[in-house]
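**Student:** Next up is a structure, given as structure tokens.
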Amino acid sequence: MRKEFIRRVLVRAPNWIGDAVMCEPALRGLRSLFPQAEITLLAKSVVAELFVGYAGLDHVLVYDDKGIHAGLGGKWTLAGTLRQHRFDLAVLFQNAFEAAFLAWLAGIPRRFGYLTDGRAIFLTDPVSVPSPNSLTHQVEYYWNLLMPLGLSGAPPSPHLTVSSEEEREVSERLASSGVDPSDLVIGINPGSTYGSAKRWLPDRFAEVAQRLAERIAEGEKTRTAVVILGAKGEELLGKDIAAHIQGRSVVLSGTTTIRELMAVTKRCRLLVTNDTGPMHIAVACGVPVVAVFGPTDWRTTSPYGQAQFIVREPVECAPCLLRECPIDHRCMTRVPVDRVYDTAVQQMQVNRLAGNKLTSDKPMSLETDASPQKLSACPPANLSAVLSGYTVFLDRDGTLNPDPGYIRSPDQFDLFPGVAQALAKLVRAGARLIVVTNQSGVARGLFSLGDLEGIHAKLTRLLEESGAPLDALYVCPHHPDDACTCRKPNTGLIDQAVRERAVDLSHSYLIGDKVSDVELAKRVGSRSILMTTGAVLPEQAEGLKRSGVIPDLVTSSFDDAAEWLLQDARTRAVFRAGIR
């Protein structure tokens, strides 16, 4: 496929909210493959809401299958609408026969999708479905669909944003129910539109919420509130749980739009949930999750990047994937309150950094089979001064935040989940943080220096609120053809930091998502970490091989990057001290 000839791309989104969220990293990958193309998402209304204002898309078309697009006549109408857009390529993340048929009916010349549902005749570029035995996570399933187009590396975590206005409106709504902006909110999502088999018991949700609220209020001297989420039809379930909670609770079941659900979820500091769409929304909004799994397969739909915080009972009949349990619902009834509560406390321990404000800096010790091995790897007491005198240089787009192409306003900007918390760990260890970023969008006329200042003001605020203040931020605003000395991998930005911030490059690291970041680190003598969150392309990997510039670490997890950096600094200190 000659990518330079692909100017207009249609993407058919999955129909379920959770699947659509898990598809988001692949959307980001698609944008990296076709950075200049106009990308349009076709989705049902509830899924379309997820992507309002999404920076990686140019247009969103709503598929109204209950209204104007119902029946054969409606499909013909929709195909006519699509035909008017003159798409060059259709990427079908939805596996249904209908998706391929509509793309064919719309006359789209290249139709790319998995070979499922007997739709081979309508696909010009069919992709073999992974073996059922591979148990591929859905995030990777969607990501891997694009590998024949040139996508490589591991997928980043899903990421969605809400606007400042949406956050303000939710804050006002909660305030009208007695929840102040400074209060710590625990989210409870006890329902499931999939069926009752996925639902843990309501009274147990209530007990976990009660115990967590009491623990946080007592340990942190912080006011807490429990917010109960749910879909239409789950209002009575929410009220029943609230009736069992002593203290403040707000029932929002059945009363929120998708955008409001996203904003409320982002307001939570912890979400205890079943395996549902809101669980994946929480992950995409950077919210710590504890999820109870029963009939569904935790290996394919677990909260991506937080799988160690699922709770399940390993019964012989699970996963059965049934909507209703035909026997005694043992996969859920055997999950005790203590196990879910202990897992929530473990999740709070991992997220005890300043940005999440869940627990104090006192290390905890709990015996539970949900505990990951690395929980106690770096308790705060052991971090002091490990990175004193060190500077960590940070790339921006694709490293700290999703890179949809060009971010043109603060509302389009948000950090990857977990980045601020990992950086706060480095700051507490003594590191200085300096961002060095190429922003040729200024020279290209895509946004102004004022727009860039607004974006960076938001970046600075988000990091400061999480305990990771920046020491400096340096930008190259020039066009690649300008032959300036500051555009990475040239050393101008680092040279400026050395002059103005007295940086010792022998005590420095550089974290980025592109080959140019690794090359820059090599030129200035920094150790380098290559993040695959920016969708590293094959030609970039080949460039590494040809140049011989190899990063010291390659990872998709910023938390892993921080842990490695801390350990590497300790090792270097021991070596300098002559200790063997």
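The values are calculated or read from the model by the stated rules, or taken from the named source; none is laboratory data. All values reported here derive from a predicted model rather than from experimental measurement. Here the Cβ is made from the backbone with ideal geometry for all residues, glycine too, and neighbour counts use every protein chain on show.
**Student:** Which residue, of VAL292, VAL287, is under 20 Å from ALA231 (Cα atoms), within 14 Å of the chain's Cα centre (by Cα) and in contact (Cβ under 8 Å) with a residue 24 or more places away in the chain?
**Tutor:** VAL287
**Student:** Output yes when any residue across region 149-157 is of a type in the set (A, V, I, L, M, F, W, C), under 26 Å from LEU415 (Cα atoms) and not in a helix (DSSP H, G or I), and no when none is.
**Tutor:** yes
**Student:** Could I ask something else about it? Quick one: in region 110-134, of everything that is more than 26 Å from the chain's Cα centre (by Cα) and part of a helix (DSSP H, G or I), which residue is farthest from ARG83 (Cα to Cα)?
**Tutor:** Per the criteria, the residue is ASN133.
**Student:** Name the residues in region 296-313 that are touching a His at 6+ places or on another chain (Cβ under 9 Å) and farther than 16 Å from TYR141 by Cβ, would you?
**Tutor:** Hits for region 296-313: nothing passes.
**Student:** Can you tell me which residues in region 298-311 are under 17 Å from GLY18 (Cβ atoms) and in contact with a strand residue (DSSP E or B) (Cβ under 8 Å, 6 or more places away or on another chain)?
**Tutor:** TRP298, SER302, PRO303, GLN306, PHE309, ILE310
**Student:** If you scan region 38-60, which residues turn out to be over 18 Å from LEU261 (Cβ atoms) and aliphatic (A, V, I, L, M)?
**Tutor:** ILE39, LEU41, LEU42, ALA55, LEU57
**Student:** Check region 421-434 and report whether any residue there is without any contact (Cβ under 8 Å) to a residue 24 or more places away in the chain and either in contact with a strand residue (DSSP E or B) (Cβ under 7 Å, 6 or more places away or on another chain) or part of a loop (DSSP other than H, G, I, E, B) (or both).
**Tutor:** no
**Student:** From GLY238, GLY305, GLY247, GLY254, which residue is of a type outside the set (Asp, Glu) and in a helix (DSSP H, G or I)?
**Tutor:** After ruling out the rest, the residue left standing is GLY238.
**Student:** Checking the conditions here, which among THR273, THR265, THR300 is at pLDDT 95 or above, polar (S, T, N, Q) and part of a helix (DSSP H, G or I)?
**Tutor:** THR265
**Student:** Just checking, which of ALA217, ALA197 is modelled with pLDDT under 95, touching a Cys at 6+ places or on another chain (Cβ under 9 Å) and in the same structural domain as GLU260 (by TED's automatic domain parsing)?
**Tutor:** Answer to the selection: ALA197.
**Student:** Could you please tell me which pairs satisfy a Cβ distance under 9 Å, a separation of 6+ or placement on different chains, a first residue in region 310-336 that is not assigned by TED's automatic domain parsing to the domain that holds VAL292 and of a type in the set (S, T, N, Q), and a second residue that is in a loop (DSSP other than H, G, I, E, B) and surrounded by 14 or more Cβ atoms within 10 Å (Cβ to Cβ)?
**Tutor:** none
**Student:** Give the residues of region 515-535 that are on the phi > 0 side of the Ramachandran plot and surrounded by fewer than 19 Cβ atoms within 10 Å (Cβ to Cβ), sorted by residue number.
**Tutor:** GLY525
**Student:** Looking at region 478-488, which of the residues that are surrounded by fewer than 18 Cβ atoms within 10 Å (Cβ to Cβ) and not β-branched (Val, Ile, Thr) is modelled with the lowest pLDDT?
**Tutor:** Only one residue fits best here, namely ALA483.
**Student:** Further question: Check off (1) in contact with a helix residue (DSSP H, G or I) (Cβ under 9 Å, 6 or more places away or on another chain); (2) under 24 Å from ARG110 (Cβ atoms); (3) in contact (Cβ under 8 Å) with a residue 12 or more places away in the chain for ALA55 and give me the number that stays unchecked.
**Tutor:** Of the numbered conditions (1) in contact with a helix residue (DSSP H, G or I) (Cβ under 9 Å, 6 or more places away or on another chain); (2) under 24 Å from ARG110 (Cβ atoms); (3) in contact (Cβ under 8 Å) with a residue 12 or more places away in the chain, the odd one out for ALA55 is (2).
**Student:** Could you tell me how many of the residues in region 245-258 are surrounded by fewer than 15 Cβ atoms within 10 Å (Cβ to Cβ) and either touching a residue at least 40 places away in the same chain (Cβ under 8 Å) or not assigned by TED's automatic domain parsing to the domain that holds VAL287 (or both)?
**Tutor:** 1
**Student:** If you don't mind, there's one more thing I want to ask. Residue by residue through region 70-95, note down the ones that are in contact with a strand residue (DSSP E or B) (Cβ under 9 Å, 6 or more places away or on another chain) and outside any helix (DSSP H, G or I).
**Tutor:** ARG86, PHE87, ASP88, LEU89, ALA90, VAL91, LEU92, PHE93, GLN94, ASN95
**Student:** Going through LEU33, LEU10 one at a time, which residue ends up being crowded, with 24+ Cβ neighbours inside 10 Å and either closer than 25 Å to GLY286 by Cβ or in contact (Cβ under 8 Å) with a residue 40 or more places away in the chain (or both)?
**Tutor:** When all the criteria are applied, what remains is LEU10.
**Student:** Among the residues of region 526-548, which ones are at pLDDT below 90, out of contact with any Gly (no Cβ under 8 Å at 6 or more places or on another chain) and not in a helix (DSSP H, G or I)?
**Tutor:** If the condition is that a residue be at pLDDT below 90, out of contact with any Gly (no Cβ under 8 Å at 6 or more places or on another chain) and not in a helix (DSSP H, G or I), then GLY548 is the only one that fits.
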